[in-house]
């Protein structure tokens, strides 16, 4: 067995059942080895799209995914998607063929690249390839997780695998984390704070949504015990969907009532959330005198964005269970905290953005993005996966489109790159074909990634692509326009995006008013054998307040 074959077989033996990529000479044999071992290969139009597909698949499925690219330019083409995945700590292995000689045109210093983006790096050798791939898989999905770049030297790939016999001893590995409940003294201090708080709020983040069912169960049980309200960072939207004490997103996307209540908390516990500027509105949602606690399995994440009063390094589920057990050991009775019938009624009545009154902005054949999002929310089935690209538009789908759970929301914002949403949605659709995947994009991000419409049409995925089309890079228009700067570099002639979509083999429709969305019902009633792309001509008279806050941070 060659090293390339051993790498492919070993990845599948460790549970990698999907590999995304673009195949060239350097990754031809390893990709075929994975297919022969039972993995599904999804071919992308571009390596950047393949990286985002693998990222979206892993986020939604909560399974380890693989990205397979060509040496040199294949790696660099995929780099932006890889950085997003690395910053999101997505469980992913990048199969990177490697020209180790600096004289080769394909040479890239892969160890330096991996270090620069916060990824792990391993280089396979013929003598111990099976052990090295196993370590890469464990590193990618264990604990807080780390994206691993697996260097595969071109000359080594053809050599015999020295430890191939070890393949027979690989058992399917569980993807769960070890039970790390944190330091008992730190747990005791957190329980002291919970017992003393009168207005506690839990904010769960990406770290909690890695094992959503367990995290939801443990955190809601603890919150019920101490009378805490529940909120999430944008990355974990949907984690507590349906709970009467759920405030939805804390931060720039927060409803007025959510922002009001979070700011009134006397104790905020961040569960797998770093409480960055987005989640706290630059600290404005942390009330004066509030105690702030942070629980995270990644020690480097503790206090990274703001000082915290209590820092507990441990698994979210294990720490929450330890707190519940300690409350029981102390025989402390359950408390309602600030929960009560009046507050519950307020949350029910005001806790969704569609309940917040607004004046429609119409004119020039364009639809208000809020009205568009509400109409889409009504038209689309509840069982959905919403994937959102970056840009001026992004708050509208994030605020107005409901999701059934945290697996139903994929937010490609760790690197804040425009153009990753469409391919991420394809990966999400592969992961959950039982749900309708909805990709929400701006026109800039759509045009950057339009080549992957060919992939979407070829796979015949159940996918609706909604383009919030303002014919501009809206964030720059609203940031620089008020100061009188020329905007010719960031505004463009209107483009018929629906026609572009039809050219790729998708269904395409233009929406200028709510009535135009009847096309969605027609598509849903049909065979759904090709994606639907909606070119929504949206108004853009006012800036998005969430990006105004972001720009203040710079």
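The values are calculated or read from the model by the stated rules, or taken from the named source; none is laboratory data. Bear in mind the structure is a predicted one, so any value in this text is a computation, not a measurement. Glycine gets a Cβ as well: all are built from the backbone with ideal geometry, and neighbour counts include every protein chain shown.
Below, the figures for the structure above:
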read-out: Qualifying residue in segment 450-463 (condition: in contact with a strand residue (DSSP E or B) (Cβ under 8 Å, 6 or more places away or on another chain), in a loop (DSSP other than H, G, I, E, B) and under 21 Å from residue 390 (Cα atoms)); value: no
read-out: Among (1) under 12 Å from the mean Cα position of the chain (by Cα); (2) free of Cβ contacts under 8 Å to residues at least 60 places away in the same chain; (3) surrounded by fewer than 24 Cβ atoms within 10 Å (Cβ to Cβ) - the single one residue 388 does not satisfy; value: (3)
read-out: Condition broken by residue 33, with the remaining ones in (1) farther than 18 Å from residue 457 by Cα; (2) in contact with a strand residue (DSSP E or B) (Cβ under 7 Å, 6 or more places away or on another chain); (3) in a helix (DSSP H, G or I) satisfied; value: (2)
read-out: Filtered residues of segment 102-155 (kept if assigned to a helix (DSSP H, G or I) and farther than 27 Å from residue 166 by Cβ); value: 112, 113, 115, 116, 117
read-out: Hits in segment 91-145 (condition: within 13 Å of residue 79 (Cα to Cα), under 20 Å from the mean Cα position of the chain (by Cα) and surrounded by fewer than 24 Cβ atoms within 10 Å (Cβ to Cβ)); value: 117, 118, 119
read-out: Verdict on residue 516 being surrounded by fewer than 20 Cβ atoms within 10 Å (Cβ to Cβ) and at pLDDT 95 or above; value: yes
read-out: Verdict on residue 419 being at positive phi, modelled with pLDDT of 95 or more and in contact with a helix residue (DSSP H, G or I) (Cβ under 8 Å, 6 or more places away or on another chain); value: yes
read-out: Subset of segment 1-39 (residues that are without any contact (Cβ under 8 Å) to a residue 40 or more places away in the chain and more than 23 Å from residue 99 (Cβ to Cβ)); value: 12, 35, 36, 37, 38, 39
read-out: Residue match in segment 283-294 (condition: in a helix (DSSP H, G or I), at pLDDT below 95 and closer than 30 Å to residue 188 by Cα); value: no
read-out: Candidate set from segment 520-554 (those that are within 25 Å of residue 380 (Cβ to Cβ) and out of contact with any helix residue (DSSP H, G or I) (no Cβ under 9 Å at 6 or more places or on another chain)); member that is modelled with the lowest pLDDT; value: 526
read-out: Members of segment 148-179 found to be under 27 Å from residue 272 (Cβ atoms), buried (at least 16 other Cβ atoms within 10 Å of the Cβ) and at pLDDT below 95, listed by number; value: 175, 177
read-out: Residue under evaluation residue 203, criteria (1) at pLDDT below 95; (2) surrounded by 19 or more Cβ atoms within 10 Å (Cβ to Cβ); (3) closer than 21 Å to residue 409 by Cα, criterion not met; value: (1)
read-out: Hey, residue 270 crowded, with 24+ Cβ neighbours inside 10 Å, in a strand (DSSP E or B) and at negative phi or not; value: yes
read-out: Residue among 510, 489 that alone is within 20 Å of residue 396 (Cα to Cα), at pLDDT 90 or above and surrounded by fewer than 20 Cβ atoms within 10 Å (Cβ to Cβ); value: 510
read-out: Odd one out for residue 345, checked against (1) within 30 Å of residue 538 (Cα to Cα); (2) out of contact with any helix residue (DSSP H, G or I) (no Cβ under 8 Å at 6 or more places or on another chain); value: (1)
read-out: Test: residue in segment 312-324 that is buried (at least 23 other Cβ atoms within 10 Å of the Cβ), at pLDDT 95 or above and more than 24 Å from residue 89 (Cα to Cα); value: yes
read-out: Selected residue (only one of 23, 75, 16 is closer than 25 Å to residue 414 by Cα and outside any helix (DSSP H, G or I)); value: 16
read-out: Hits in segment 56-72 - residues which are surrounded by 20 or more Cβ atoms within 10 Å (Cβ to Cβ), outside any helix (DSSP H, G or I) and touching a residue at least 60 places away in the same chain (Cβ under 8 Å); value: 64, 65, 71
read-out: Single residue of 287, 283 found to be closer than 24 Å to residue 253 by Cα and in contact with a strand residue (DSSP E or B) (Cβ under 9 Å, 6 or more places away or on another chain); value: 287
read-out: Test for residue 494: is it touching a residue at least 24 places away in the same chain (Cβ under 8 Å), surrounded by fewer than 16 Cβ atoms within 10 Å (Cβ to Cβ) and not in a strand (DSSP E or B); value: yes
read-out: Residue, farthest from residue 456 (Cα to Cα), within segment 36-55, restricted to residues that are surrounded by fewer than 17 Cβ atoms within 10 Å (Cβ to Cβ) and out of contact with any strand residue (DSSP E or B) (no Cβ under 9 Å at 6 or more places or on another chain); value: 36
read-out: Failed item in (1) surrounded by 19 or more Cβ atoms within 10 Å (Cβ to Cβ); (2) under 23 Å from the mean Cα position of the chain (by Cα); (3) within 22 Å of residue 214 (Cβ to Cβ), with residue 302 passing the rest; value: (1)
read-out: Residue in segment 65-82 that is at positive phi and touching a strand residue (DSSP E or B) at 6+ places or on another chain (Cβ under 9 Å) present; value: yes
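So that you can scan it fast, the table gives a plain yes or no per residue for (1) over 18 Å from the mean Cα position of the chain (by Cα); (2) surrounded by fewer than 22 Cβ atoms within 10 Å (Cβ to Cβ); (3) modelled with pLDDT under 95; (4) over 19 Å from residue 311 (Cα atoms):
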residue	(1), (2), (3), (4)
211	no, yes, yes, yes
224	yes, yes, no, yes
233	no, no, no, no
237	no, no, no, yes
260	yes, yes, no, yes
279	no, no, yes, no
